[in-house]
Amino acid sequence: MNLKPLTDDERTRAREKATAARSVRADIKAKIKTGEMSVEEVILSRSSEEAVGRLKVVDLLRALPGVGERRAAGIMTTVGIAPTRRVRGLGVHQRKALIELLATD
């Protein structure tokens with residue numbers, strides 16, 4: 001599939017949109033790390049936002065205090081979430097199971 005070449009203006013707008021999305025995702029992860037926001041809030045209320053929906057679940061879990069690469073992978077395996085899954089791609093049962101598992105920790 002050939003993509004049409006972007007003009008300089010289109011390229012600039014795309015770059016600004018991508019930068020804004022990365023900023024939103026970084027802000028969400030920072031709020032989770034400090035406890036201002038929970039994973040449940042992100043999954044239930046913010047997953048409809050485009051930038052948050054594109055956040056990888058593993059990155060969301062790693063933002064939790066005390067959760068590293070291995071523990072995040074273990075949580076995802078327990079719940080049955082693929083390593084490459086993004087927040088917007090979680091099914092109803094996966095969301096529920098993830099929220100319940102994190103509530104018991």
Is there any pair with a first residue in region 18-47 that is within 12 Å of R95 (Cβ to Cβ) and in contact (Cβ under 8 Å) with a residue 40 or more places away in the chain and a second that is outside any helix (DSSP H, G or I) and hydrophobic (A, V, I, L, M, F, W, C) whose Cβ atoms are under 7 Å apart and which are 6 or more apart or on different chains, and what are they?
V39/L64; I43/L90
Which of (1) without any contact (Cβ under 8 Å) to a residue 24 or more places away in the chain; (2) of a type outside the set (F, W, Y); (3) over 27 Å from A18 (Cα atoms); (4) surrounded by 11 or more Cβ atoms within 10 Å (Cβ to Cβ) is the odd one out, the single condition L98 does not satisfy?
(1)
If the Cβ limit is 9 Å and pairs must be 6+ apart or interchain, which residue in region 69-88 that is touching a residue at least 12 places away in the same chain (Cβ under 8 Å) and at positive phi pairs with which residue that is surrounded by 14 or more Cβ atoms within 10 Å (Cβ to Cβ) and part of a helix (DSSP H, G or I)?
G80/Q94; G80/A97
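Kindly indicate whether A51 is surrounded by 11 or more Cβ atoms within 10 Å (Cβ to Cβ) and either at pLDDT 95 or above or over 12 Å from the mean Cα position of the chain (by Cα) (or both). Break it down stepwise before answering.
Values: surrounded by 11 or more Cβ atoms within 10 Å (Cβ to Cβ): yes; either at pLDDT 95 or above or over 12 Å from the mean Cα position of the chain (by Cα) (or both): no.
No, not satisfied.
The values are calculated or read from the model by the stated rules, or taken from the named source; none is laboratory data. Nothing here was measured: the structure is a model prediction, and the numbers come from that model. As a convention, Cβ positions derive from the backbone with ideal geometry for all residues, glycine included, and neighbour counts pool all protein chains shown.
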